[in-house]
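Below is one structure, written out as structure tokens, with a few remarks after it.
The values are calculated or read from the model by the stated rules, or taken from the named source; none is laboratory data. Owing to the predicted nature of the structure, the values given are computational and were not obtained by experimental measurement. Note that each Cβ is placed from the backbone with ideal geometry, even for glycine, and that neighbours are counted across all protein chains shown.
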Amino acid sequence: MLQALCVTNRLEIDVNKIIELIQKDQFRFELLAYVSSLDLPDCYIAAGFVRNMVWDYLHGFSPTALNDVDVIYFSNMTINESAVLKVLCLKFPTVNWQLKNQAFMHERNSDPLYENSIHAMSYWPEIETAIGVKLSCDGKIIVVSPFDIDSIFNGFITHNPKREKSVFLSRAEEKKWLELWPNLKIRL
């Protein structure tokens, strides 16, 4: 029982740190609030939005520029994504928005059917990329991940065994994570 309590406390510390970092980052918080106001089903901002912020924090860096902002949602109903993207781009024209309905991404990735957004993230190539955030109806930041998130605060880039190692290594090289954040460690 004591071990479970320690894990829970560690998880709370990590989640609270992510919440604190977002609250201190006015730009990220504005993006999060706006995306949440669109009320897309099972919707989160994920991937580099959270991952890069934590890695910047670990390295003592000012926020690095976001290449894109990944908005994921899950709906079996058709949503006019081009209309949603248009609204996002009108409000934040300098942001490279990526909007993906996770209900259909399993087809592109040749995976089993995803159950929801969090389940879809469990197939992403890196454990530390699979963290999403959203605002609740009462304005609280909610942090989700299918994995323990302590590895991101330990400076790891961890291969997800559901994906080929070559895909993982290629992404790490292509995105130059070890150059941008030199204290990170790859974990296969």
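So, in segment 30-47, of the ones that are in a helix (DSSP H, G or I) and either at pLDDT below 95 or touching a strand residue (DSSP E or B) at 6+ places or on another chain (Cβ under 7 Å) (or both), which residue ends up surrounded by the most Cβ atoms within 10 Å (Cβ to Cβ)? Steps first, please.
Looking only at segment 30-47, we keep the residues that are in a helix (DSSP H, G or I), and these are 30-37.
Next, only the ones that are either at pLDDT below 95 or touching a strand residue (DSSP E or B) at 6+ places or on another chain (Cβ under 7 Å) (or both) stay: 31-33, 35-36.
Working: L31: 22, L32: 21, A33: 13, V35: 26, S36: 20.
By that ranking, first place goes to V35.
Please enumerate the residues belonging to segment 12-29 that are assigned to a helix (DSSP H, G or I) and in contact (Cβ under 8 Å) with a residue 24 or more places away in the chain.
Residues of segment 12-29 assigned to a helix (DSSP H, G or I): 12-24, 26-29.
Matches in segment 12-29: D14, V15, K17, I18, I19, L21, I22, Q23, F27, R28.
Are any of the residues in segment 35-55 within 25 Å of P125 (Cβ to Cβ) and free of Cβ contacts under 8 Å to residues at least 24 places away in the same chain?
From segment 35-55, those within 25 Å of P125 (Cβ to Cβ) are 35, 40-55; that's our starting set.
Among the residues that remain, those that are also free of Cβ contacts under 8 Å to residues at least 24 places away in the same chain are: 52.
Checked against the condition, which is being within 25 Å of P125 (Cβ to Cβ) and free of Cβ contacts under 8 Å to residues at least 24 places away in the same chain, segment 35-55 yields at least one hit.
Go through segment 133-171 residue by residue and tally those that are crowded, with 16+ Cβ neighbours inside 10 Å, within 21 Å of L58 (Cα to Cα) and free of Cβ contacts under 8 Å to residues at least 40 places away in the same chain.
Final tally of qualifying residues: 7.
Can you pull out the residues in segment 109-132 that are crowded, with 20+ Cβ neighbours inside 10 Å and either among the aromatic types (F, W, Y) or at positive phi (or both)?
Those that are crowded, with 20+ Cβ neighbours inside 10 Å and either among the aromatic types (F, W, Y) or at positive phi (or both): Y114, W124.
Among the numbered criteria (1) over 15 Å from the mean Cα position of the chain (by Cα); (2) among the hydrophobic types (A, V, I, L, M, F, W, C); (3) at pLDDT 95 or above, which single criterion is violated by C137?
Only one criterion in (1) over 15 Å from the mean Cα position of the chain (by Cα); (2) among the hydrophobic types (A, V, I, L, M, F, W, C); (3) at pLDDT 95 or above is unmet by C137, namely (3).
Name the residue, out of E107, E128, E115, that is more than 25 Å from L31 (Cβ to Cβ) and not in a loop (DSSP other than H, G, I, E, B). Before the answer, list the steps.
Values: E128 fails: more than 25 Å from L31 (Cβ to Cβ); E115 fails: not in a loop (DSSP other than H, G, I, E, B).
Of E107, E128, E115, the one residue that is more than 25 Å from L31 (Cβ to Cβ) and not in a loop (DSSP other than H, G, I, E, B) is E107.
Residue-wise test of (1) assigned to a helix (DSSP H, G or I); (2) closer than 19 Å to I19 by Cβ.
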{"residue": "V133", "(1), (2)": "no, yes"}
{"residue": "V143", "(1), (2)": "no, yes"}
{"residue": "S151", "(1), (2)": "yes, yes"}
{"residue": "I157", "(1), (2)": "no, no"}
{"residue": "K162", "(1), (2)": "no, no"}
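Test T64 against the stated conditions and say whether it is closer than 30 Å to K165 by Cα, surrounded by fewer than 17 Cβ atoms within 10 Å (Cβ to Cβ), in contact with a helix residue (DSSP H, G or I) (Cβ under 7 Å, 6 or more places away or on another chain) and not small (G, A, S). Lay out the reasoning, then the answer.
Values: closer than 30 Å to K165 by Cα: yes; surrounded by fewer than 17 Cβ atoms within 10 Å (Cβ to Cβ): yes; in contact with a helix residue (DSSP H, G or I) (Cβ under 7 Å, 6 or more places away or on another chain): yes; not small (G, A, S): yes.
Spelling it out, T64 is indeed closer than 30 Å to K165 by Cα, surrounded by fewer than 17 Cβ atoms within 10 Å (Cβ to Cβ), in contact with a helix residue (DSSP H, G or I) (Cβ under 7 Å, 6 or more places away or on another chain) and not small (G, A, S).
Could you check V167 against (1) closer than 22 Å to L66 by Cα; (2) not in a helix (DSSP H, G or I) and say which number it fails?
(2)
Search segment 172-188 for residues being more than 16 Å from N67 (Cα to Cα), in contact with a Phe, Trp or Tyr (Cβ under 8 Å, 6 or more places away or on another chain) and of a type outside the set (A, V, I, L, M), and hand back the single one that is surrounded by the most Cβ atoms within 10 Å (Cβ to Cβ).
R187
In segment 1-15, is there at least one residue being at pLDDT 95 or above and within 23 Å of I127 (Cβ to Cβ)? Explain how you work it out, then say what you get.
First, pick out the residues of segment 1-15 that are at pLDDT 95 or above: none.
Scanning segment 1-15, I find no residue that is at pLDDT 95 or above and within 23 Å of I127 (Cβ to Cβ), so the answer is no.
Of the numbered conditions (1) assigned to a helix (DSSP H, G or I); (2) in contact (Cβ under 8 Å) with a residue 60 or more places away in the chain, L85 fails exactly one; give the number of that condition.
Failed condition: (2).
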